[in-house]
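J.: Okay, here's the structure, questions in a sec.
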Amino acid sequence: MDNIVLTKLGQSCLQSLLKVWFDFDLAITQVPIIKRLEQGRLSIEDYQSLLLNLRQQVIEGSRWISRCASSFDREYADVRSTVISHATEEHRDYLILENDYVATGGTLTDIQAASKNIGSEALHGFLMYRASQPNPVDLIGAMWIIEGLGNKMASKWSQRINEQFSFENTITAFMDYHGENDENHLQALYRLIDRVATSPERVNDIIRTAKVVAKLYQLQLEEVDNG
Amino acid sequence: MQVYINSTGRYLPGKAVNNEEIESVLGLIHGKKSRLKRKILNSNGILQRHYAINDQQQTTISNSDMAANAGMNCIDESYLAPAKIQMLSCATSQGDMVLPGFGSMVQAALNLSEVELHTSHGICSSSMMALKTAFNNIRCQDSDNALVIASELTSRLFKHSRYEQVTDQAVDFNAEFLRWMLSDGAGALLLENQPRPTGRSLRIDWIKSFSHANVFPVCMSVGQSKDEEQKTWQDYSSYGEAEQAGALLLRQDVRLLDNIVAVGVQGFLKLIAQGHVDPHKIDHVLCHFSSKYFKNKIFEMLEVSGASIAEEKWYTNLYQRGNTGCASIFIMLDEFIKTHELKAGETLFCMVPESGRFNCAYMHLTVVG
């Protein structure tokens, strides 16, 4: 905490990102499947369906982060390094997710064969489009939302799910995994914000992308019940 | 039209009761000391409080009489004759009577003639709703002044005998939680359309609240028993049956409580984004929050983002006067004003996050005079 020095612009960016996060948090609390999850009324089929839907975006997640890294030119070599290490960390997340699915009694071929829901299509499409732009600093906004979700999964959803179901093997390894190294991830994000929030226009871009990603993620969750 | 808080008052019944003495007033449930008491008190930090019941659990003063006493205390320190009061706006979570409205009982106790009357019903934020109604009434020039009173007598719900009526279930954490949290008292504010002739007034710049009842389940309640999803207290064939089912216990769903931090901060960030408040220009913060929440990670993030307010600017008297529900913020304002040498131009930011079903109220005041 002590060694964080956010610039004025960095602070205003973080303040806006916090607001986008809380608005998103409230919005997804109202999504029916999340409501059932958070209020202890989730069926095992619901949870399987949630994993099955999340997997299709998660497996593509590593692609947009890698693409994002390669779109940073020499001026942003340092940012590129951070994004690459982020991509390395997460690019096999989907395997953990698949294990959870199997642990709940699902079959691997089902989750592997499923297609992206409408929200995942939109979210993935947007992220790949932004990641293909030169120096896509606005994607810090996307990372912020996804990091926040990871934290929410680990600190809240996993606990609720484990209160409701008991299986021989863990069924929440994917969600729990996102709680590990939380503090380091947050510090890395703070540093990135400081590095790239260098003008009011930049801040606006970051916030806008955070808002779009939040809305599309919400759509992805809403679509889980429509599968 | 500008609106000013020109006088404040409070009434806390009886002597201060310290943590060791609580059970001698509320009584031992089934003759046994609570196992949760120490844990909950450690976490809420309250050291003493007041109760309007004696050690035989008999009511020593009614809720409306406490409200009237706070109202009189407030009028006594003002320039206004009681006969000139045009509006009375009251709040409580539970009046002495189920009906009529609490305000009617308080008006009668104060013997105020022909006032415009308002009662707001709810939990902690109901005082802010009562205050907002009075503020707007003066703003739109329907009244020149208004007396706003918030009062609570929750200890009646915490008598050991209430818990002993419940059959078929042990008293769970959620039912016991508030027993160690809430206590009795009343606070009052006098609003006028001009500052007081001498001394300090507080101009009300704005009052805003954001409710999230559509998003979250009920978190603090009376009227439904544990694990019951449909039936509420009046649906039982008798009140006795409702009490036996535990439908009349004051409950807090502790697991949902953390949401109040996110909701409170979300509203704060919204007010900043809308330009209503600048965290750097706030001189004093009065917040109806338990300090344990400040250890939350969200507050760390607020600090990093430069939206936090330095610790020395926060004021509370919750630990000495108790958590008196909706009355707390008025009791806090009263003591704050009377113990601080305020300078013209200083600003106060008040925040009342209510966990009932998640309503957060905020107010901005500026010292004038």
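J.: Going by average Cβ density within 10 Å per residue, which order do the peptides A:111-124, A:46-59 take, highest to lowest?
T.: A:46-59, A:111-124
J.: OK, next. Taking 8 Å as the Cα distance limit and 6 or more residues as the minimum spacing, I'd like the relative contact order of chain B as a percentage.
T.: 25 percent
J.: What ranking, highest mean first, results for peptides B:215-221, A:195-201 when packing means the other Cβ atoms within 10 Å averaged over each residue? Working shown, then result.
T.: Numbers: B:215-221: 19.4, A:195-201: 15.4.
Highest-to-lowest ranking by the protection proxy: B:215-221, A:195-201.
J.: For peptide B:101-108, what's the mean number of Cβ atoms from other chains within 10 Å of each residue's Cβ?
T.: 0
J.: How big, on average over all directions, is the shadow cast by the Cα convex hull of the range A:120-227, in nm²?
T.: On the way: hull surface 32.5 nm².
Projected over every direction and averaged, the Cα hull of the range A:120-227 covers 8.1 nm².
J.: Among DSSP bridges having both ends in the protein assembly as shown, what percentage is antiparallel? Round to the nearest 5. If you can, show how the numbers build up before the last one.
T.: Values: 41 of 58 bridges.
If we restrict to bridges inside the protein assembly as shown, about 70 percent are antiparallel.
J.: Which of B:Gln224, B:Val166, A:Val83 sits closest to the plus end of the dipole of the protein assembly as shown, meaning its Cα is farthest towards the positive end, when Lys and Arg get +1 and Asp and Glu get -1 on the C-beta?
T.: Among B:Gln224, B:Val166, A:Val83, the one farthest towards the positive end of the dipole of the protein assembly as shown is A:Val83.
J.: Does a label point 7 Å from the Cα of B:Leu47, set along Cα-to-beta-carbon, have any residues of the range B:304-333 with amide nitrogen under 16 Å, and which are they?
T.: Under cut-off, by backbone N: B:315-323.
J.: Subtracting the Cα-Cα distance from 0.36 nm times the residue separation, let me have the gained length for B:Ala83 to B:Lys39 in nm, one decimal.
T.: Difference between extended and current length: 11.0 nm.
J.: In the Gaussian network model of chain B, springs joining C-alpha atoms below 10 Å, which of B:Phe336, B:Phe358, B:Phe102 carries the largest mean-square fluctuation?
T.: Of B:Phe336, B:Phe358, B:Phe102, the most mobile in the Gaussian network model is B:Phe336.
J.: On to the next question. Could you pull out every one of the lysines with an alpha carbon less than 17 Å from that of A:Lys116, ignoring same-chain neighbours closer than 8 positions?
T.: Straight-line reach from A:Lys116, under 17 Å: A:Lys215.
J.: Per residue of the range B:93-104, in order, report the coupling 6.51 cos²θ - 1.76 cosθ + 1.60 (Karplus, θ = phi - 60°) as ³J(HN,Hα) in whole Hz, putting x for Gly and Pro.
T.: 8, 7, x, 5, 9, 5, 9, x, x, 4, x, 4
J.: Quick one: helix A:140-152 against the long Cα principal axis of chain A, what's the angle to the nearest 10°, folded into 0 to 90?
T.: 40 degrees
J.: List the pair-distance distribution P(r) of the range A:8-226, using every Cα-Cα distance, as the percent of pairs falling in each 5 Å bin from 0 up to the bin containing the longest distance, rounded to whole percents.
T.: 1, 7, 15, 19, 21, 16, 10, 6, 3, 1, 0
J.: Would you grab the residues whose amide H sits under 5 Å from the one on B:Cys90? Only those 5+ places off in sequence or on another chain, please, with H modelled 1.01 Å from N.
T.: Amide H to amide H, under 5 Å and 5 or more residues apart or across chains, B:Cys90 pairs with B:His118, B:Thr119, B:Ser120, B:Ile149.
J.: Nearest 20 debye, what's the magnitude of the dipole of the range A:8-226 about its Cα centre given +1 on Lys and Arg Cβ and -1 on Asp and Glu Cβ?
T.: Working: 22 positive and 30 negative charges, 135 e Å.
Once rounded to the nearest 20, the dipole reads 640 debye.
J.: Using only atoms on other chains, find how many Cβ atoms lie within 10 Å of each Cβ of peptide B:263-275 and report the average.
T.: 3
J.: Let me ask something additional. Rounded to the nearest 10 degrees, what's the angle between the helix B:63-76 long axis and the longest principal axis of chain B, both from Cα atoms, 0 to 90?
T.: Its long axis makes an angle of about 20 degrees.
J.: For the range A:8-226, what is the relative contact order in percent, using Cα pairs closer than 8 Å and at least 6 residues apart in sequence?
T.: 37 percent
J.: Please work out the C-alpha center-to-center distance from the range A:103-151 to the range B:243-258 and express it in whole Å.
T.: The two parts, judged by their Cα centres, are 39 Å apart.
J.: Follow-up. Against the globular-protein guess of 2.2 N^0.38 Å, express the Cα radius of gyration of the range B:3-137 as a ratio, rounded to two decimals.
T.: Against the compact-globule rule of thumb, the ratio is 1.23.
J.: A follow-up question, please. Defining a contact as two alpha carbons under 8 Å apart and six or more residues distant in sequence, what relative contact order in percent does the range B:199-331 show? Display every interim value, and only then the final one.
T.: On the way: 86 pairs, mean separation 23.9, N = 133.
Computed over the range B:199-331, the figure is 18 percent.
J.: Ok, one more. What whole-number distance in Å separates the alpha-carbon centres of the range A:202-227 and the range B:280-344?
T.: That distance is 35 Å.
J.: Compute the long axis of helix B:126-139 from its Cα atoms, compare it with the longest principal axis of the Cα atoms of chain B, and write down the angle in degrees, 0 to 90, nearest 10.
T.: Rounded to the nearest ten degrees, it is 20.
J.: Still on this model: Please give the average number of partner chain Cβ atoms lying within 10 Å of the Cβ of each residue in A:11-19, rounded to a whole number. Spell out each step's value before the answer.
T.: Values: counts 4, 4, 1, 6, 10, 4, 3, 11, 9.
Average per residue, whole number: 6.
J.: Right, next: For A:Arg92 and A:Ile44, FRET efficiency with R0 = 25 Å and r from the beta-carbon atoms, rounded to 0.05?
T.: The formula returns an efficiency of 0.50 here.
J.: Further question on the same structure: Sorted by mean Cβ packing within 10 Å, highest first, what order do the peptides B:348-355, B:328-335, A:28-35 take?
T.: For the peptides B:348-355, B:328-335, A:28-35, the packing ranking is B:328-335, B:348-355, A:28-35.
J.: Check the range B:248-369 and count each lysine pair with an alpha-carbon distance under 27 angstrom, considering only pairs eight or more places apart or from different chains.
T.: For the range B:248-369, qualifying lysine pairs total 17.
Only the coordinates and a few stated rules stand behind these numbers; no lab work does. Model, not experiment: these values are computed from the prediction. Glycine also receives a Cβ, built like all others from the backbone with ideal geometry; neighbour counts cover every protein chain displayed.
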